[in-house]
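The values are calculated or read from the model by the stated rules, or taken from the named source; none is laboratory data. Just so it is clear, the model here is predicted, and its values are computed rather than measured. Here the Cβ positions follow ideal geometry from the backbone for every residue, glycine too, while neighbour counts run over all protein chains shown. Just so you know, the surface numbers come from the protein's heavy atoms only, side chains and all, with ligands and any DNA or RNA stripped out. Shrake-Rupley method; radii C 1.70, N 1.55, O 1.52, S 1.80 Å.
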Amino acid sequence: LFGVYLAWWTRRRFGAGVGRFALALFAFDPNIIAHGRYVTNDLILALFIFTTCTLWIEYLVEPEWRWLLLTGLSLGLAFASKFSALYLAPVLVVMAAAWAWHNRPRARVTRLVAALAMAGLVSMLVVAIVYWPEVVRSRDLPPLSTMISRGSMLSFLADRLQVPAYTLLVGIDRQFTHNAMGHPAYLLGHVSNQGWWYYF
């Protein structure tokens, strides 16, 4: 699916020759060859990152509802695929700001803000549908405040809202905790939890 979409989008934007070339680079990329056969969420997230960004570009170039709805759908599937996809939200904002700056004075900032809000709402609807089975069983879940790290932004909300420990919220909290603490990495005889400026 990733290769098909990549070929379609590059062909649409840059022509058939570029589409074939992009597909060849994708098919022979060592990362895709090495990791594409494993059932992990890394490659599916890469697909949804790429589709979200390119569909958003399509909307910026041709502000039609279909591109906006597809952007929101893809963004929601990215959020549902892996917690680290949350960084896509500011990426879309930066892309919109760059587009507005490049196309001034024709760019309508209010339209872009409304479009970002609509894409966000569609993505939240997709996430809600994906997590709906867990919401139905929410009475069996412990309180969120017992499952997340103290002092985080989510703990502030959990103490006041008394929501169950939904997997999405617990996962987001653990992603932030992991980002703050780091993980062991090895490079040239050294081990570090924070990595190096030139690696991790």
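For this structure, a couple of remarks:
- Unique residue being within 16 Å of the chain's Cα centre (by Cα) and not aliphatic (A, V, I, L, M) when the list is GLY36, GLY72: GLY72
- Residues satisfying the stated conditions in the stretch 168-183, i.e. open to solvent by 100 Å² or more (accessible area, probe 1.4 Å) and touching a residue at least 24 places away in the same chain (Cβ under 8 Å): ARG174, PHE176
- Members of the stretch 61-78 that are surrounded by 22 or more Cβ atoms within 10 Å (Cβ to Cβ), of a type outside the set (Gly, Ala, Ser) and in contact with a Phe, Trp or Tyr (Cβ under 7 Å, 6 or more places away or on another chain): THR71
- Residues of the stretch 163-200 satisfying the condition of being of a type in the set (A, V, I, L, M, F, W, C) and more than 20 Å from the chain's Cα centre (by Cα): VAL163, ALA165, MET181, ALA185, LEU187, LEU188, VAL191, TRP196, TRP197
- Residues being open to solvent by 10 Å² or more (accessible area, probe 1.4 Å), closer than 30 Å to TYR131 by Cα and touching a Phe, Trp or Tyr at 6+ places or on another chain (Cβ under 7 Å) - total across the stretch 87-116: 1
- So PHE2, is it at pLDDT 95 or above, of a type outside the set (Ser, Thr, Tyr) and out of contact with any Lys or Arg (no Cβ under 8 Å at 6 or more places or on another chain): no
- Identity of the residue in the stretch 161-193, in contact with a helix residue (DSSP H, G or I) (Cβ under 9 Å, 6 or more places away or on another chain), over 15 Å from PHE83 (Cβ atoms) and not in a strand (DSSP E or B), that ends up modelled with the highest pLDDT: ASN193
- Flag if ALA165 is surrounded by 15 or more Cβ atoms within 10 Å (Cβ to Cβ), of a type in the set (A, V, I, L, M, F, W, C) and farther than 30 Å from LEU68 by Cβ: yes
- Scanning the stretch 42-100 for residues that are farther than 25 Å from GLY171 by Cα and aromatic (Phe, Trp, Tyr) yields a total of 5.
- In the stretch 135-160, the residues that are at pLDDT below 75 form Cβ pairs under 9 Å with partners that are surrounded by fewer than 10 Cβ atoms within 10 Å (Cβ to Cβ) and not in a loop (DSSP other than H, G, I, E, B), at six or more places apart or across chains, as follows: ALA158/THR146.
- Residue ID - farthest from the chain's Cα centre (by Cα), chosen from residues in the stretch 142-162 that are aliphatic (A, V, I, L, M) and open to solvent by 50 Å² or more (accessible area, probe 1.4 Å): LEU161
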